[in-house]
1. Could you sort Arg219, Arg28, Arg165 by their accessible area in this structure, using a 1.4 Å probe and putting the largest first?
2. Give me the number: length gained by fully extending Ala151 to Tyr123, i.e. 0.36 nm times residue separation minus the C-alpha to C-alpha distance, one decimal in nm.
3. Would you calculate the separation in nanometres between label points at Thr32 and Gln65, each defined as 7 Å from the Cα along the Cα-to-beta-carbon direction?
4. Kindly identify the range 166-246 as rounded, prolate or oblate by the Cα gyration tensor criterion: order the square roots of the eigenvalues as a ≥ b ≥ c, call it rounded if a/c is under 1.5, otherwise compare a/b with b/c, prolate if a/b is larger, else oblate.
5. Where only protein heavy atoms count, and the probe is 1.4 Å, what is the accessible area per residue for the range 84-213 in Å²?
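The values are calculated or read from the model by the stated rules, or taken from the named source; none is laboratory data. Nothing here was measured: the structure is a model prediction, and the numbers come from that model. Neighbour counts are summed over all protein chains in view; Cβ atoms, including those assigned to glycine, are modelled from backbone coordinates with ideal geometry. Protein only, heavy atoms only, side chains kept; ligands, DNA and RNA dropped before computing areas. Shrake-Rupley method; radii C 1.70, N 1.55, O 1.52, S 1.80 Å.
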Amino acid sequence: MTTSEVRDEAEPQAPEVLEAAPRPVDRRLVRTLVAVGLAAVLAVAGLAVWRQLQPPPDFTLSQLQGAYTGMVRSDGTNDVSTLDASRFTESPLRISPEACAPLFASTVSNQFPPGALDGVSTYWLGGSSSSISLFTVRYPDADAAEAAYRAVDQAAAGCTGETVRFSGAEGSGRVEPVAVTAPEDAPEQLAFALERGPGQGRYALHVLRLSNTVTWQYRYDTGGGAYDPTPAQQLMDGMSAQLLSVQRAAAAG
């Protein structure tokens with residue numbers, strides 16, 4: 001054995017060391033993942049904004065019927081009726097001036113509103129001096145309901161102070177404006193009164209539009225003194241709250 005062979009056997013061999021270096025980052029993959037995440041966040045946010053900007057869903061007849069079940073009279077009862085054109089068989093009254101007809105065609109003249117599909121109504125006595133009829137009519141869409149509401153709004157503005165005459169035994173009365181305090185979520189409201197002669201009582205009418213519906217509150221008041229719109233406004237506030245609750249539940253569903 002040679003000297004070199006002995007030295008090789010005597011000297012221990014250095015152990016092999018495995019060095020693990022970090023893998024290089026794939027920057028293109030990181031950018032792709034960030035872009036995908038950002039796109040997902042923007043899509044969710046965009047969908048939320050889109051939903052908020054969409055008009056509220058139109059009311060269905062069954063939704064109106066459900067809303068009216070909560071309009072209970074002081075005696076704990078609730079007579080709810082479904083309305084359509086077939087239920088209105090009386091001949092229309094002649095109303096003069098004709099420009100004021102939109103104010104009274106659906107109330108004093110007892111006619112089904114033209115262009116409406118159907119609706120729901122109820123009534124109750126408001127004490128010894130008044131009676132109240134409340135009804136909501138449904139139109140094919142919000143534009144049709146708005147057109148019907150605007151016709152009443154324009155007639156109310158144009159007929160303020162006018163003496164309106166009706167054919168038959170209804171006589172006549174003077175149109176007077178009534179102030180409303182509409183909430184922000186149901187702003188399209190108006191009110192007016194027909195002040196008639198002594199002993200004939202007054203008609204007070206409050207009108208509300210929400211989406212594809214128009215609600216009328218028709219009060220016959222035989223009390224003396226100036227008209228106090230507070231109870232009527234409270235009733236309209238309750239009605240709008242009922243309808244909006246139904247509508248929001250439908251939108252969330």
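1. Numbers: Arg219 30, Arg28 170, Arg165 140 Å².
Descending order: Arg28, Arg165, Arg219.
2. Values: separation 28, 0.36 × 28 = 10.08 nm, distance 2.49 nm.
Stretched fully, the Ala151-Tyr123 segment lengthens by 7.6 nm.
3. Taking the two extended label points, one gets 5.7 nm.
4. Numbers: a/c = 2.66, a/b = 1.99, b/c = 1.34.
Because a/c hits 1.5 or more and a/b exceeds b/c, the range 166-246 counts as prolate.
5. Numbers: 5990 Å² over 130 residues.
For the range 84-213, the per-residue accessible area is 46 Å².
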